[in-house]
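Data first, discussion second: the structure below is written as structure tokens.
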Amino acid sequence: MLLIHCPYCNETLPELEYAYAGEAHIARPANPSEVSDEEWAEFLFMRSNVKGIHYERWRHLHGCGRFFNAVRDTVSDKFLTTYEAGAPRPDLDTLVNTPAEGGK
Amino acid sequence: MNALTSLPTAILETSAARILLAKPKARFSLRARGDLAPFEAALGLSLGGPLGTRASTGSRETIRLAPDEWMLHSTPSDAAAIEGACAALYDAHPHSLVSVSAREVTVVIEGPRAAELLTIGCPRDIAKIEPGSGRRTVFDGVTVILWRDAEDSFRMDVWNSFAPHLIDLLKIGARELAAEVA
């Protein structure tokens, strides 16, 4: 079972308390009526599906109920870090070169 | 009326754990952001601290579930006073206070192996929940609020519709623990 660090509860807890919520840092267009159908489809459906380091959202469903972001390696399932929703993307170089504290 | 109203207060007692149904309470879900001091003054309770922190004054008891969410328990006769205290704050400090008294029941689990009994449904490390604190967590797929009153005494708030299932599960677990050869 994955152990995930919730940045709001500040605890590392079993995966069963969480719900996965897709790729992170996808901003909804500020004015949807101005974007083309292609751009809208891109926003709605197209995801990067990376093999490797992935920025993704999780929700602490059976806990504080908060959405937060995580950086996970999709190959090894290791969490590099988790951070609060709305925070900027953490710098990848520092993450890869320092041991993880946000979960295992 | 649901099936639970006919359940007796004591549900099961084995050598491992006792399972009881707590008396009806007034329950409120409070959501508030910003300055908490006016709410603390109105309710007479401290609302700060890390998630899982509890506070109590008289019959009122609160637990912080999220950065902006608290569960507030009291006696049914105190409900109107709580509603009145918060309503007076509403204009200056918009918030949400929702009565959820009829939504949940509280199951008391106590006894020498109460903590072990909880591990049958809760993936979290029970030992890390300090006595006197609590957490919202999951029990066999159901969201519950777990209050740890003492080393071997817990209360579990669970939605009515899930309660018969969870209570049956706890009964089976308590019997199995008691049946184990020492």
Over all viewing directions the Cα convex hull of region B:29-182 casts an average projected area in nm² of 9.5
Quick calc, chain B, dipole around Cα centre from Cβ unit charges on Lys, Arg (+) and Asp, Glu (-), nearest 20 debye, gives 140
Only helices counted: for chain A, with every DSSP H run of 4 or more residues adding -39500 (n - 2.57) and the sum spread over all residues, [θ] at 222 nm is -3500 deg cm²/dmol
Partner shielding of A:40-46, taken as the mean number of other chain Cβ atoms within 10 Å, equals 0
Rounded to the nearest 500, the 222 nm mean residue ellipticity computed for chain B from DSSP H runs (n ≥ 4, each -39500 (n - 2.57)) alone is -6000 deg cm²/dmol
In Å, the Kirkwood estimate of hydrodynamic radius for region B:78-165 over Cα pairs equals 14.7
At the level of C-alpha centres, the distance separating region B:46-85 and region B:156-173, in angstrom, is 24
Note: the protein assembly as shown at 20 °C, 1.002 mPa s; Kirkwood Rh on alpha carbon pairs; Stokes-Einstein D in µm²/s works out to 101
In the protein assembly as shown, lysine pairs 8 or more places apart or on different chains with C-alpha atoms under 26 Å apart total 8
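Since every read-out is calculated from the coordinates, none of them should be taken as a lab result. Everything numeric in this text was worked out from a predicted model, so none of it was measured. Neighbour counts are summed over all protein chains in view; Cβ atoms, including those assigned to glycine, are modelled from backbone coordinates with ideal geometry.
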